[in-house]
Amino acid sequence: MIDVAVVGFAQSPCLPSAGTTSGVETLVPVFQEVLGATGLSKQDIDFWCSGSSDYLAGRAFSFVNAVDAIGAYPPVAESHVEMDAAWALYEAYVKLLTGEARTALVYGFGKSSAGELRRVLALQLDPYLHAPLWPDSVSIAALQARAGLDAGRYTERDLAVVAARSRTAALGNPKAQVSGRDSADDLLAAPYVADPLRAHDCAPVGDGAAAVVLAAGDEARRLCARPAWITGFAHNVDSPALGVRDLTAVPSATAAATAAGLRGDDVDAVELHAPFSHQEILLSAALGIDDRVRVNQSGGVLCGNPMFSAGLSRIGLAAQYVMSGRADRVAGHATSGPALQQNLVCVMEGA
């Protein structure tokens with residue numbers, strides 16, 4: 001079995017508007033940072049893989065424009081997924097496991113500010129039963145939040161505590177879009193945007209990009225003093241039909257965690273991709289995360305949610321805890337689809 005590790009990570013600041021739709025202007029400095037940190041050149045990358053969305057960009061094959069950030073020469077081996085780049089990372093991971101590549105650079109980008117994101121995301125719903133009704137993403141999340149409240153899984157104060165903790169943690173993250181020292185009481189005084197969700201319960205709309213470098217075996221050891229070795233990687237999916245799911249449970253997250261070998265009490269830190277405050281609580285329960293685990297020390301996506309790179313960033317940030325020596329065993333999580341429909345878990349540890 002080939003050992004594969006994360007050896008580099010970089011992300012752009014999450015901005016209310018990045019001023020670009022192609023992704024090139026956002027990606028170029030991210031590539032420069034992550035390649036500079038690893039000492040690699042573009043020619044040293046065996047495989048490139050990206051994640052983005054044509055729906056979000058408003059045009060077909062939008063990822064082709066972003067390839068300009070790689071450069072026209074020399075020719076490269078390149079692939080793309082129409083999802084968060086965390087799933088592109090999974091593809092690259094498998095590529096390295098096969099021995100067809102020794103290094104891979106995975107990147108994701110998205111410009112959420114170009115349209116009305118809540119309506120754009122309605123296009124991912126079932127085209128026969130749900131999409132014609134145009135239920136927007138925040139309203140669907142509000143239905144899920146209400147179901148959890150009615151089931152006694154949490155209270156509105158619990159949601160405010162999650163948001164307040166996230167904003168405080170984001171004060172130490174220069175790439176975050178939102179931060180602050182708001183108390184739970186302060187946040188509970190805010191009006192609803194979709195009952196029972198308030199603005200702080202919802203991830204902000206923002207633009208950004210991220211990149212992760214993977215390397216195999218001795219190459220990883222050469223590039224990084226303390227690689228974040230991937231010891232488990234899995235993803236799973238629940239039904240897209242909201243009416244057949246228990247929205248207060250996330251079985252696909254539990255299944256992915258089990259397949260990846262994650263036990264919630266055996267990691268030092270975890271980065272959860274939870275675009276709504278109640279989803280962090282649901283995911284923590286699904287993954288078995290206990291109170292001893294450091295959750296979303298970056299502030300999480302409640303403080304910056306660049307579409308199609310936010311999930312990749314959760315893995316990159318978790319890997320940084322290992323590479324910097326701040327943790328020995330971590331997990332990064334990504335989600336996609338309405339109400340936590342699809343979930344991915346990546347477990348990493350130091351040597």
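Brief remarks follow.
- Tensor-based shape of the range 4-103 (alpha-carbon gyration tensor, a/c under 1.5 rounded, otherwise prolate or oblate): prolate
- Burial ranking of peptide ranges 230-240, 208-218, 99-109 (average Cβ count within 10 Å, highest at the top): 208-218, 99-109, 230-240
- Farthest toward the positive end of the dipole of the range 182-233, out of TYR192, VAL205, GLY232, is the Cα of GLY232, where the dipole comes from beta carbon charges about the Cα centre.
- Convex hull volume of the C-alpha atoms in the range 118-254, normalised per residue: 171 Å³.
- Each peptide among 260-273, 60-73 gets the average number of other Cβ atoms lying within 10 Å of its residues, and from highest to lowest they stand as 260-273, 60-73.
- Per residue, the solvent-accessible area of the range 289-351 (1.4 Å probe, heavy atoms of protein chains only, all protein chains present) comes to 26 Å².
- Packing around the peptides 180-188, 317-325, 291-299, taken as the average count of other Cβ atoms within 10 Å per residue, puts them in this order, highest first: 317-325, 291-299, 180-188.
- Surface share of carbon and sulfur [accessible, 1.4 angstrom probe, percent] for the range 222-351: 51 percent
- Cα gyration tensor category, rounded, prolate or oblate, for the range 201-351 with a/c compared to 1.5: prolate
- Given charges at beta-carbon only (K, R positive; D, E negative), |dipole| of the range 197-351 in Debye: 220 debye
- Percent carbon-and-sulfur accessible area, the range 1-108, ignoring ligands, DNA and RNA, probe 1.4 Å: 55 percent
- Taking Cα centre as origin and charging only the Cβ of basic (Lys, Arg, +1) and acidic (Asp, Glu, -1) residues, the dipole magnitude of the range 142-242 rounds to 420 debye.
- For the range 1-127, the solvent-accessible area of protein heavy atoms averages 44 Å² per residue (probe radius 1.4 Å; ligands and nucleic acids excluded).
- Entry for log10 I(q)/I(0) by the Debye sum over Cα atoms at q = 0.06, 0.08, 0.11, 0.15 Å⁻¹ (calculated from the structure that is shown) out of [x] -0.19, -0.34, -0.67, -1.29; [y] -0.43, -0.54, -0.85, -1.29; [z] -0.24, -0.42, -0.75, -1.20: [x]
- Within the shell of other residues whose beta carbon sits under 14 angstrom from the beta carbon of ALA334, the net charge comes to -3, with Lys and Arg scored +1 and Asp and Glu -1.
- Of all DSSP-defined beta bridges confined to the chain, some 75% are antiparallel rather than parallel.
The values are calculated or read from the model by the stated rules, or taken from the named source; none is laboratory data. Everything numeric here is computed off the predicted structure, so don't read it as measured data. Heads up, the Cβs are rebuilt from the backbone with ideal geometry, glycines too, and the neighbour counts pull from every protein chain shown. These accessible areas exclude ligands, DNA and RNA; they are computed on the full protein's heavy atoms, side chains included. Shrake-Rupley method; radii C 1.70, N 1.55, O 1.52, S 1.80 Å.
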